[in-house]
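The values are calculated or read from the model by the stated rules, or taken from the named source; none is laboratory data. The structure presented is a predicted model; accordingly, all values stated were derived computationally and were not measured. So basically every Cβ, Gly included, is an ideal-geometry build from the backbone, and we count neighbours across all protein chains shown. To get the accessible areas, we keep the full protein, side chains included, count just its heavy atoms, and leave off ligands, DNA and RNA. Shrake-Rupley method; radii C 1.70, N 1.55, O 1.52, S 1.80 Å.
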Amino acid sequence: MLSTNQIKYLRSLRERKYRLREQAFLVEGPKLIGEMLPHYRCCMLVGTAPMLAATAIPRDVEVVEVPPSFDFKRISMQTTPQSLLAVFELPAEVEPKVKGLTLLLDGVQDPGNVGTILRTADWFGFRQVWLGEGSADLFSPKVVQASMGALAHVQVMPLTDTADVVKHFRAEGVPVYGAFLDGTNLYEAKLSDVSQPAILVLGNEGRGISPEVATEVTHRVTIPAFGRAEGGHTESLNVAIATAIICSEWRRRG
């Protein structure tokens, strides 16, 4: 059974400050844990006997079996918890390097949007996503769940000096694209080859791209609205939906 201290430890990982202190994060559910196991070091697995038996458990993992009667709501963030939970180590920080099209989220705060963008990047084969200051924590339980396993396939990296990083790569000749309401029509804009280094900046849900980062953007693009003829349209697209449209067009161009 889980001890009181173990329960406190697992519950603490819901908060960013404790994830940073412990250098660990939570993943819930057999499918998601199975996706993550080959790519992140697992420290601890908690589950019922049938769940643990169906899991390919690596060596040197602390395994805690709980009875079917155990209330997973004591340690889970889900409304309907699944009977398997894992603790993984946070990945080591690496120097940012642009490989192909790299998505940069500039203050995207909603965990659901961040997780969906990770899934979108994975779906379209774009393997790098950077999170600038003010964005949701990559390894919060809500982002991890919303990513639906994309964290296992996409290299993710938090940035602490977003504008400086973009400025550095722009100086090296890397094109920096940004999604704006007043940019060039996406379907008419020149987009770089998918195999060539480029950065695509997506901004905050309400404020868009920050002024500091916007000054480093070399190509402003917009997704045209087609609702005007029918009496107007909504003010803007959801950032995750906009990301999917732009990534689809980028991949279509090849």
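Of the residues Ala171, Ala229, only one is modelled with pLDDT of 95 or more and either aromatic (Phe, Trp, Tyr) or farther than 27 Å from Trp123 by Cβ (or both); which? Walk me through it before giving the result.
On the way: Ala229 fails: modelled with pLDDT of 95 or more.
None of the others qualify; the one that does is Ala171.
Any idea how many residues of the range 52-72 are under 22 Å from Ser147 (Cα atoms) and either hydroxyl-bearing (Ser, Thr, Tyr) or open to solvent by less than 50 Å² (accessible area, probe 1.4 Å) (or both)?
Residues flagged as under 22 Å from Ser147 (Cα atoms) and either hydroxyl-bearing (Ser, Thr, Tyr) or open to solvent by less than 50 Å² (accessible area, probe 1.4 Å) (or both) within the range 52-72 amount to 2.
I need every pair where a residue in the range 178-198 that is at positive phi has its Cβ under 9 Å from the Cβ of a residue that is of a type outside the set (Gly, Ala, Ser) and open to solvent by 30 Å² or more (accessible area, probe 1.4 Å), sequence separation at least 6 or different chains.
If the second residue must be of a type outside the set (Gly, Ala, Ser) and open to solvent by 30 Å² or more (accessible area, probe 1.4 Å), no pairs are left.
Taking only pairs six or more apart or across chains, which ones have beta-carbon atoms under 6 Å, a first residue in the range 121-137 that is assigned to a helix (DSSP H, G or I), and a second residue that is of a type in the set (Val, Ile, Thr)?
Ala121/Val129; Ala121/Val154; Asp122/Val154
Yes or no: Arg170 touching a Ser or Thr at 6+ places or on another chain (Cβ under 7 Å), open to solvent by 20 Å² or more (accessible area, probe 1.4 Å), outside any helix (DSSP H, G or I) and not aromatic (Phe, Trp, Tyr)? Spell out how you get there, then give the answer.
Numbers: touching a Ser or Thr at 6+ places or on another chain (Cβ under 7 Å): yes; open to solvent by 20 Å² or more (accessible area, probe 1.4 Å): yes; outside any helix (DSSP H, G or I): no; not aromatic (Phe, Trp, Tyr): yes.
No.
Here is a check on your reading of the model: is Thr116 open to solvent by 10 Å² or more (accessible area, probe 1.4 Å), among the β-branched types (Val, Ile, Thr) and not in a loop (DSSP other than H, G, I, E, B)? Break it down stepwise before answering.
On the way: open to solvent by 10 Å² or more (accessible area, probe 1.4 Å): yes; among the β-branched types (Val, Ile, Thr): yes; not in a loop (DSSP other than H, G, I, E, B): yes.
Criteria met by Thr116.
Quick one: is Phe139 more than 25 Å from Asp193 (Cβ to Cβ), crowded, with 17+ Cβ neighbours inside 10 Å and within 18 Å of the chain's Cα centre (by Cα)? Give the derivation first.
Numbers: more than 25 Å from Asp193 (Cβ to Cβ): yes; crowded, with 17+ Cβ neighbours inside 10 Å: yes; within 18 Å of the chain's Cα centre (by Cα): yes.
Taking the combined requirement at face value, the residue satisfies it.
Does Asp182 qualify as being part of a strand (DSSP E or B) and open to solvent by 80 Å² or more (accessible area, probe 1.4 Å)? Before the answer, list the steps.
On the way: part of a strand (DSSP E or B): yes; open to solvent by 80 Å² or more (accessible area, probe 1.4 Å): yes.
For Asp182, the condition - part of a strand (DSSP E or B) and open to solvent by 80 Å² or more (accessible area, probe 1.4 Å) - is met.
Can you run down the residue pairs with Cβ atoms below 9 Å, 6 or more apart or on separate chains, where the first is in the range 100-112 and closer than 20 Å to Pro211 by Cβ and among the polar types (S, T, N, Q) and the partner is modelled with pLDDT of 95 or more and crowded, with 24+ Cβ neighbours inside 10 Å?
Hits for this filter: Gln109/Ser135.
Restricting attention to the range 13-24, which residues are in contact with an Asp or Glu (Cβ under 8 Å, 6 or more places away or on another chain) and surrounded by 15 or more Cβ atoms within 10 Å (Cβ to Cβ)?
Step one: filter the range 13-24 for residues in contact with an Asp or Glu (Cβ under 8 Å, 6 or more places away or on another chain), giving 13, 16, 19, 23-24.
Passing the criteria: Leu13, Arg19, Ala24.
Would you mind stating whether Val217 is touching a Leu at 6+ places or on another chain (Cβ under 7 Å), without any contact (Cβ under 8 Å) to a residue 60 or more places away in the chain and open to solvent by less than 70 Å² (accessible area, probe 1.4 Å)?
Working: touching a Leu at 6+ places or on another chain (Cβ under 7 Å): no; without any contact (Cβ under 8 Å) to a residue 60 or more places away in the chain: yes; open to solvent by less than 70 Å² (accessible area, probe 1.4 Å): yes.
No.
Which count do you get for residues in the range 10-43 that are of a type outside the set (S, T, N, Q) and farther than 21 Å from Thr80 by Cα?
Our first condition is that a residue be of a type outside the set (S, T, N, Q); within the range 10-43, this holds for 10-11, 13-22, 24-43.
From what's left, farther than 21 Å from Thr80 by Cα: 16-22, 24, 37-43.
Going through the range 10-43 one residue at a time, the tally reaches 15.
For the range 209-226, name all the residues that are of a type in the set (Gly, Ala, Ser) and at pLDDT 95 or above. Break it down into steps so the answer makes sense when it comes.
Taking the range 209-226 first, the residues of a type in the set (Gly, Ala, Ser) are 210, 214, 225.
Ser210, Ala214 - these are the residues of the range 209-226 that are of a type in the set (Gly, Ala, Ser) and at pLDDT 95 or above.
Inspect the range 139-146 for any residue being of a type in the set (Val, Ile, Thr) and over 24 Å from Leu90 (Cβ atoms) and give the result as yes or no.
To start, the set of residues in the range 139-146 that are of a type in the set (Val, Ile, Thr) comprises 143-144.
Going one step further and asking which of them are over 24 Å from Leu90 (Cβ atoms), we end up with none.
No, that holds for no residue.
Mind checking whether some residue in the range 86-107 is assigned to a helix (DSSP H, G or I) and either open to solvent by less than 70 Å² (accessible area, probe 1.4 Å) or modelled with pLDDT under 95 (or both)? Lay out the reasoning, then the answer.
Restricting attention to the range 86-107, the residues satisfying the condition of being assigned to a helix (DSSP H, G or I) are none.
Among the residues of the range 86-107, not one is assigned to a helix (DSSP H, G or I) and either open to solvent by less than 70 Å² (accessible area, probe 1.4 Å) or modelled with pLDDT under 95 (or both), which makes the answer no.
Among the numbered conditions (1) hydroxyl-bearing (Ser, Thr, Tyr); (2) farther than 20 Å from Arg251 by Cα; (3) surrounded by 17 or more Cβ atoms within 10 Å (Cβ to Cβ), tell me where Thr222 comes up short.
It is condition (2) that Thr222 fails.
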